[in-house]
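Enquirer: Right, I'll just put the structure down here and ask away after.
Values quoted throughout were computed directly from the atomic coordinates according to the rules given, and no laboratory measurement underlies them. The structure presented is a predicted model; accordingly, all values stated were derived computationally and were not measured. Cβ placement follows ideal geometry from the backbone for every residue including glycine, while neighbour counts extend to all protein chains displayed.
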Amino acid sequence: MGTRKEVSIVFSRAPAGLEAPLVRVEVHLGNGLPAFALVGLPEAVVRESKERVRAALVTAGYDFPQRRITVNLSPADLPKEGGRFDLPIAVGILAADCKIDPRALHHREFYGELSLGGALRETPKLLPALIAGAKLGSEMILPAANALEASLLNGAKLRMMNHLHEVVAALGGEAMPAARTCTTHTGARTQARAQARAQTQERAQTQARAQTQARATTNSAAISRALEEAQDNDRNDLHVQHRSIPDLCEVRGQYAAKRALEIAAAGEHGLLMIGPPGAGKTLLAQRLPGLLPPLSEPEILEVASLESAAGRRPSLGARRPFRSPQHTASVAALVGGGSLRPGELSLSHLGVLFLDELPEFPRNALEALREPLETGVVVVARLKRTCEFPARFQLVAAMNPCPCGYAGDSRGRCHCTAEQIVRYRNRISGPLIDRIDIHIEIAPLPVEDLMCEAREGAIPAGIARAAGTAGAGGAAAAGRETQRTENSAAVAQRVAAARSLQLQRQGKLNARLSPAELTRFCRLAKEPRALLATAIARLGLSARAYHRVLKVARTCADLSQAPDIRMVDVAEAVKLRALDRPTC
């Protein structure tokens, strides 16, 4: 075979959830009839890359080797999916055919789908691969269309390209290479064909070199423009989102529910709202993200990685995710599945998962929430692969009090029997209810609150406190007395102060405290302890519910900047366990 190296190795990575295992793209040019074999457990899209690569090389002006081409995607037992392997395969063929120096492939990774004309197209699910490559210090060559993902990585070695010509030029090759003489035992025929084309390609080669140099000069500016455009588009999207963020002052009345929402936001507690249609449950849930602090830089990257792994376009904003799947969602849609894609639980990581019409969800889908609510992790297991996704979300759910939705209505609109109501509520299992920190009942909105003009402002602390402890009637009266409505910014300041206090004290939010940490950070004085003991005896609270009450009471004290849990905090926390009452 002479001195020619007919095997080239190009590195890339396969998508596998948040992981990105390294893939060796091995290309061999052998003797025999022209053929193109692709092995290594490729899926249909990867198998079709043979035709895309062939057309891209030919239309870009490169000679496609008329030999037996074998491409091995190693490791062979790892499934390969997506069009990201087009560029590594094309580069590997050029390197094996002496168009690119194989040494230029060292410490580099390649990603990108090729068009039939050789242009690089945007590649989905790329961010986890870029993060893994950056940890190894590899230089990564990717499409310029993925500039948004690239902008999320600081200090990574990235080179973004628009065309296959630019990739070859960056590796020290030629944009329109003349045939090179390589001694093989096909010998004279290859040399004769190369010499016959040399004269016709000489002038095109000079012009192509000039074009390559121009591209090399302008590539950096083009990539910078692409990054700026991607960031400008994202900033514009964020500006539109910011203007469209629902504000708490838009919700009339429901002061007790707003107080519960503030407590949930301050401690990252789960919240279940029970009320008739039109009471404002969905409105309140949609305003929870506006009360939460923005994501930090590491959290933005974490959320963007999950979005990228799901095949979505990552966002650069610091606003926390808000996911609201329909009640027809399956277990796989909530937990994740298929080709190891994250589900709604993981896509709401570090944000809010809102489940409206909770009893209408499939029972097995609701039961799948149990472990993630405790551990903050989802494990998707398939026959030969297992993937772990983070799922530390804040659960907010809403439901009607009965099948028709009007149980307890003073006008007698409910015709549901007691058995129907019990059967309806039993669609939600006790263990799941036990894992939700706060349950509140929302009454229909009084006419006075519905018809009055809401004015933006701040409720005095004493009235706000009374609204939380005196119940819906007292809260509504206090609200009508002041005729003022707090906006989200005012509540968010208290939430941020309470969260800061929790992080300084224990390094985590109250909802994430372990039983041992509860003993340390949620100690009760004699009177609050006696009150809680009475509540446990009368309501029959489980050990888990007891811990939930302690966590909520600690959050109530933090919102008041109180160093210890007081009786009023315990009373408010017990009141926020509506489904533990005997009447429910």
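Enquirer: Along the charge dipole of region 2-61, pointing to its positive end and built from +1/-1 on Cβ of Lys, Arg, Asp and Glu, which listed residue (Gly61, Gly40, Pro15) has its Cα farthest out?
Expert: Gly61
Enquirer: Please label the shape of region 479-584 as rounded, prolate or oblate, based on the square roots a ≥ b ≥ c of the eigenvalues of the alpha-carbon gyration tensor (a/c under 1.5 means rounded; beyond that, a/b larger than b/c means prolate, else oblate).
Expert: Values: a/c = 1.96, a/b = 1.21, b/c = 1.62.
Oblate, because a/c is 1.5 or more while a/b does not exceed b/c.
Enquirer: Provide the gained length on full extension for the span Leu316 to Ala37, in nm with one decimal, where the gain is 0.36 nm per separating residue minus the Cα-Cα distance. Don't skip to the end; give the middle numbers.
Expert: Working: separation 279, 0.36 × 279 = 100.44 nm, distance 4.05 nm.
Extra length available between Leu316 and Ala37 comes to 96.4 nm.
Enquirer: Compute the length gained on full extension between Ser500 and Glu527: take 0.36 nm times their separation in residues and subtract their Cα-Cα distance, giving the result in nm to one decimal. Please report the intermediate quantities before stating the final value.
Expert: On the way: separation 27, 0.36 × 27 = 9.72 nm, distance 2.76 nm.
Result: 7.0 nm gained on full extension.
Enquirer: What is region 244-505's relative contact order, in percent, from Cα pairs under 8 angstrom and six or more apart in sequence? Before the final figure, lay out each step's value.
Expert: Numbers: 462 pairs, mean separation 78.6, N = 262.
30 percent.
Enquirer: Could you give the dipole magnitude of region 244-505 about its Cα centre, charging the beta-carbon of Lys and Arg +1 and that of Asp and Glu -1, in debye to the nearest 20?
Expert: Numbers: 30 positive and 27 negative charges, 76 e Å.
The dipole of region 244-505 has a size of about 360 debye.
Enquirer: Short version: ³J(HN,Hα) in whole Hz for each residue of region 553-567, in order, from phi by Karplus 6.51 cos²θ - 1.76 cosθ + 1.60 (θ = phi - 60°), x for Gly and Pro, what are they?
Expert: Each residue of region 553-567 in turn: 4, 5, 5, 4, 5, 5, 5, 8, 6, 8, x, 10, 6, 9, 4 Hz.
Enquirer: Give the residues of region 20-55 whose amide nitrogen is closer than 13 Å to a point set 7 Å from the Cα of Lys135 in the direction of its Cβ.
Expert: Under cut-off, by backbone N: 20-22.
Enquirer: For a quick check of your reading of the filter: which trypsin sites (Lys or Arg not before Pro) in region 383-423 sit in a DSSP loop and have no more than 16 other Cβ atoms within 10 Å? Numbers along the way, then the final one.
Expert: Working: sites: Lys384, Arg385, Arg392, Arg411, Arg413, Arg423; in loops: Lys384, Arg385, Arg392, Arg411, Arg413.
Here the trypsin sites (Lys or Arg not before Pro) that fit, given the DSSP loop and packing criteria, are Lys384, Arg385, Arg411, Arg413.
Enquirer: Separate question: Return the distance in nm (one decimal) between the two label points of a simple spin-label model at His107 and Val58, each offset 7 Å from Cα along Cα→Cβ.
Expert: 3.8 nm
Enquirer: Another one. Looking at Leu127, Ile100, Gly112, which one has the Cα that reaches farthest to the positive end of the dipole of region 100-139 (charges on Cβ: Lys, Arg +1; Asp, Glu -1)?
Expert: The residue sitting most towards the positive pole is Leu127.
Enquirer: For region 289-303, take each phi angle, set θ = phi - 60°, evaluate the Karplus expression 6.51 cos²θ - 1.76 cosθ + 1.60, and give the result in whole Hz per residue in order, putting x for glycine and proline.
Expert: My calculation for region 289-303 gives x, x, 8, 8, x, x, 5, 7, 4, x, 5, 4, 5, 5, 5 Hz in order.
Enquirer: With unit charges on the beta carbon (Lys/Arg positive, Asp/Glu negative), name the residue among Ala257, Ile436, Val331 whose Cα is farthest towards the positive pole of the charge dipole of region 244-505.
Expert: Val331
Enquirer: Still on this structure, please answer the following. Please list, by residue number, everything in region 323-358 whose backbone N is under 18 Å from a paramagnetic label point 7 Å out along Cα→Cβ of Leu383.
Expert: What the label zone holds, given the 18 Å backbone N cut-off, is 337-341.
Enquirer: Counting Lys and Arg as +1 and Asp and Glu as -1, what is the net charge of the other residues whose Cβ lies under 10 Å from the Cβ of Gln506? Don't skip to the end; give the middle numbers.
Expert: Numbers: positive: Arg505, Lys508, Arg512, Arg520, Arg554; negative: Glu517.
Computed value for this residue: +4.
Enquirer: Enter the Cα centre distance for the pair region 120-140 and region 330-374, rounded to the nearest angstrom.
Expert: 28 Å
Enquirer: Just to be sure I understand the model, the point goes 7 Å from the Cα along the line to the Cβ. What's the resulting Lys508 to Asp409 distance in nm?
Expert: Placing both labels 7 Å along Cα→Cβ, they lie 4.4 nm apart.
Enquirer: Taking just the C-alpha trace of region 244-505, give me its Rg and Dmax in Å.
Expert: In Å, with Rg to one decimal and Dmax whole: 19.2, 64.
Enquirer: Using a/c under 1.5 as the rounded threshold, could you call region 83-136 rounded, prolate or oblate? The axes a ≥ b ≥ c are square roots of the C-alpha gyration tensor eigenvalues, and prolate needs a/b larger than b/c, oblate otherwise. Walk me through the numbers before you get to the answer.
Expert: Working: a/c = 3.29, a/b = 1.19, b/c = 2.77.
Here region 83-136 falls in the oblate category.
Enquirer: Here's another thing I want to ask about it. Tell me which residues come under 5 Å, amide H to amide H, from Phe11 once H is placed; ignore anything under 5 positions away on its chain.
Expert: Result for Phe11 returns Val25, Phe110.
Enquirer: What residues qualify as long-range amide H neighbours of Ser560, i.e. H under 5 Å apart, gap of 5 or more or another chain, H built at 1.01 Å from N?
Expert: Counting only residues 5 or more places away or on other chains, the set is empty.
Enquirer: Additional query: Packing-wise, with mean Cβ within 10 Å as the measure, how do 559-565, 162-168 rank, highest first? Intermediate values should be presented prior to the final figure.
Expert: Numbers: 559-565: 15.1, 162-168: 23.3.
Taking the mean over residues of other Cβ atoms within 10 Å, the ranking is 162-168, 559-565.
Enquirer: Using a basic spin-label model with each label point 7 Å from the Cα along Cα→Cβ, how many nm lie between Arg538 and Asn154?
Expert: Inter-label distance under the simple model: 5.3 nm.
Enquirer: Tell me, what ³J(HN,Hα) does each residue in region 315-321 have, in order and in whole Hz, if you take phi through Karplus 6.51 cos²θ - 1.76 cosθ + 1.60 with θ = phi - 60° and put x for Gly and Pro?
Expert: After applying 6.51 cos²θ - 1.76 cosθ + 1.60, I find 10, 9, x, 9, 6, 6, x Hz.
Enquirer: Which net charge results for the neighbourhood of Phe521, defined as the other residues with beta-carbon distances under 14 angstrom from its beta-carbon, given Lys and Arg at +1 and Asp and Glu at -1? Could you put the intermediate results ahead of the total?
Expert: On the way: positive: Arg505, Lys508, Arg512, Arg520, Arg523, Lys551, Arg554; negative: Glu517, Asp558, Asp564, Asp569.
Here the charged neighbours net out to +3.
Enquirer: Check which residues have an amide H placed less than 5 Å from Leu355's amide H, if you skip close sequence neighbours.
Expert: Val396, Ala397, Ala398
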